[in-house]
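K.L.:
Here it is, the structure in full.
Each value in this text was obtained by applying a stated rule to the coordinates, not by laboratory testing. A quick note: this is a predicted structure, and the numbers were derived from the prediction, not measured. Methodologically, a virtual Cβ is constructed for each residue, glycine included, from the backbone with ideal geometry; neighbour enumeration extends over all protein chains shown.
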Amino acid sequence: MPVPIGVNLNWNQSYSYTHLPPEMKKVPRYWKVLAEPVLLKEGLPHFQDISISDITATGARRAFAVKGYSDDFLKDFKFSNIHIQAQTAGRIQDAENWTFTNAHIQTANESHVQLIDCHAVHGLAQK
């Protein structure tokens with residue numbers, strides 16, 4: 001298992017927007033709807049009020065690979081009974097109000113989870 005706790009909201013927009021070739025004259029109506037552009041703010045997923053518990057992982061490359069949006073954080077995550085053995089701790093970026101209870105992150109390189117642009121993250125061992 002490469003990363004037991006991973007959230008990546010940085011999606012590739014080119015996969016989400018499609019264009020109908022001009023030579024296609026007769027297409028179902030729903031194809032046209034699916035090809036309509038969506039405003040960026042309307043197309044972004046939002047995650048908040050998430051609870052994750054009873055996770056045990058061994059042999060991971062990184063314990064955490066988390067990145068939200070700099071203007072819309074991943075909010076109100078609660079973790080309990082998390083036990084991860086990994087090569088390295090990894091990072092959490094753009095998170096707000098995260099709480100860890102009974103969280104044990106053991107790393108081969110003795111690293112700690114790197115918190116980048118985070119607010120009110122409690123319960124993780126830090127240097």
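K.L.:
Which count do you get for residues in region 104-125 that are in contact with a Leu (Cβ under 6 Å, 6 or more places away or on another chain) and assigned to a strand (DSSP E or B)?
P.N.:
Selection size over region 104-125: 1.
K.L.:
Select from region 34-67 the residues that are closer than 26 Å to Tyr17 by Cα and acidic (Asp, Glu) and list them in ascending order.
P.N.:
Within region 34-67, Glu36, Glu42 qualify.
K.L.:
Among the residues of region 21-78, what is the count of those that are surrounded by 10 or more Cβ atoms within 10 Å (Cβ to Cβ), in a loop (DSSP other than H, G, I, E, B) and hydrophobic (A, V, I, L, M, F, W, C)?
P.N.:
Final tally of qualifying residues: 5.
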